[in-house]
Amino acid sequence: GAGVSQSPRYKVAKRGQDVALRCDPISGHVSLFWYQQALGQGPEFLTYFQNEAQLDKSGLPSDRFFAERPEGSVSTLKIQRTQQEDSAVYLCASSLIGYRTVRHEQFFGPGTRLTVL
Amino acid sequence: AQRVTQPEKLLSVFKGAPVELKCNYSYSGSPELFWYVQYSRQRLQLLLRHISRESIKGFTADLNKGETSFHLKKPFAQEEDSAMYYCALRGNTGRRALTFGSGTRLQVQP
């Protein structure tokens, strides 16, 4: 595929349920980001991977949120015991690290809209 | 702490009118500034960045370090410019994540 893909596109969960959101970055992209976008807000950073290493998880709102990228490609964002305040669009972005800034452009996926009832 | 402020939730103009989408930021160093756009039912995509000093789809943005602003401008709006516009910042300390503003919806009326 040409771009970043995410699945599922929509997820409805009952409060307390665990969910797993998947991101397929652009092939060869080293960096992968997760963002959370609440209704009416801009995206907010959750966590960052460089290959399989999670270098920054300072944006994860609680220990119920967990992300992994075990082989340095596909990433999964897991939310345990979902709460209503977790309802948001979860965006994944990838970028190709290079020596020139132009290669740091982040390409975004379509997002997963999570609704917690 | 880094912060991006877009004071307008909605900006409505008529076709052919000039457009200015405001963006102010706070950051203690020299940031990189970006404008991202999201058209209806499409994903977020990069419109332009201050480093490139380019004009994309007729839009330009100049980084004003004195006023800590990065306003997006277009002299003559087109209906196809209707979209959500997000200003974003990336610091120069190695952290590659973007800090976004809350976005401005631009409506260009015929």
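Is it fair to say A:Phe66 is surrounded by 19 or more Cβ atoms within 10 Å (Cβ to Cβ) and either aromatic (Phe, Trp, Tyr) or touching an Asp or Glu at 6+ places or on another chain (Cβ under 7 Å) (or both)?
no
Enumerate the pairs (first residue in the range A:82-99 and at pLDDT below 95; second residue anywhere and loosely packed, with under 14 Cβ neighbours inside 10 Å and assigned to a helix (DSSP H, G or I)) with beta-carbon separation below 9 Å, excluding pairs fewer than 6 apart on the same chain, so at least 6 apart or on different chains.
Qualifying pairs under 9 Å: A:Ser95/A:Arg103; A:Leu96/A:Arg103; A:Ile97/A:Arg103.
Return the residues of the range A:88-107 that are closer than 22 Å to A:Ser5 by Cβ and open to solvent by less than 40 Å² (accessible area, probe 1.4 Å); say none if nothing qualifies.
A:Ala88, A:Val89, A:Tyr90, A:Leu91, A:Cys92, A:Ala93, A:Ser94, A:Ser95, A:His104, A:Gln106
Yes/no matrix, rows are residues, columns are (1) on the phi < 0 side of the Ramachandran plot; (2) within 14 Å of another protein chain (Cβ to nearest Cβ):
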| residue | (1), (2) |
| --- | --- |
| A:Arg9 | yes, yes |
| A:Arg15 | yes, no |
| A:Arg22 | yes, no |
| A:Gly28 | no, no |
| A:Leu32 | yes, yes |
| A:Gln37 | yes, yes |
| A:Glu44 | yes, yes |
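Does B:Arg41 satisfy the condition of being within 12 Å of chain A (Cβ to nearest Cβ) and part of a loop (DSSP other than H, G, I, E, B)?
yes
What is the one condition in (1) modelled with pLDDT under 95; (2) open to solvent by less than 30 Å² (accessible area, probe 1.4 Å); (3) away from chain A (no Cβ under 14 Å) that B:Lys74 does not satisfy?
(1)
Residues checked against (1) open to solvent by 20 Å² or more (accessible area, probe 1.4 Å); (2) under 24 Å from B:Ala97 (Cβ atoms):
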| residue | (1), (2) |
| --- | --- |
| B:Thr5 | yes, yes |
| B:Leu10 | yes, no |
| B:Ala17 | yes, no |
| B:Cys23 | no, yes |
| B:Gly29 | yes, yes |
| B:Trp35 | no, yes |
| B:Leu44 | no, yes |
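Each row is one residue, and each column tells you yes or no for (1) of a type in the set (A, V, I, L, M); (2) within 14 Å of another protein chain (Cβ to nearest Cβ).
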{"site": "B:Arg49", "(1), (2)": "no, yes"}
{"site": "B:Ile56", "(1), (2)": "yes, yes"}
{"site": "B:Ser69", "(1), (2)": "no, no"}
{"site": "B:Leu89", "(1), (2)": "yes, yes"}
{"site": "B:Asn92", "(1), (2)": "no, yes"}
{"site": "B:Ser102", "(1), (2)": "no, yes"}
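Identify all residues within the range A:8-59 that are open to solvent by less than 80 Å² (accessible area, probe 1.4 Å), part of a loop (DSSP other than H, G, I, E, B) and of a type in the set (Gly, Ala, Ser); write none if there are none.
Within the range A:8-59, A:Gly16, A:Gly28, A:Ala38, A:Gly40, A:Gly42, A:Gly59 qualify.
Taking A:Pro110 as the residue in question, decide whether it is open to solvent by 60 Å² or more (accessible area, probe 1.4 Å) and either of a type in the set (Ser, Thr, Tyr) or part of a loop (DSSP other than H, G, I, E, B) (or both).
For A:Pro110, the condition - open to solvent by 60 Å² or more (accessible area, probe 1.4 Å) and either of a type in the set (Ser, Thr, Tyr) or part of a loop (DSSP other than H, G, I, E, B) (or both) - is not met.
Which ones in the range A:1-25 are aliphatic (A, V, I, L, M), at pLDDT 95 or above and closer than 21 Å to B:Gln45 by Cβ?
Correct list: A:Val4, A:Leu21.
The values are calculated or read from the model by the stated rules, or taken from the named source; none is laboratory data. All of these numbers come straight from a predicted model, not from anything done at the bench. Glycine also receives a Cβ, built like all others from the backbone with ideal geometry; neighbour counts cover every protein chain displayed. Heavy atoms of the whole protein, side chains included, go into the accessibility calculation; ligands, DNA and RNA do not. Shrake-Rupley method; radii C 1.70, N 1.55, O 1.52, S 1.80 Å.
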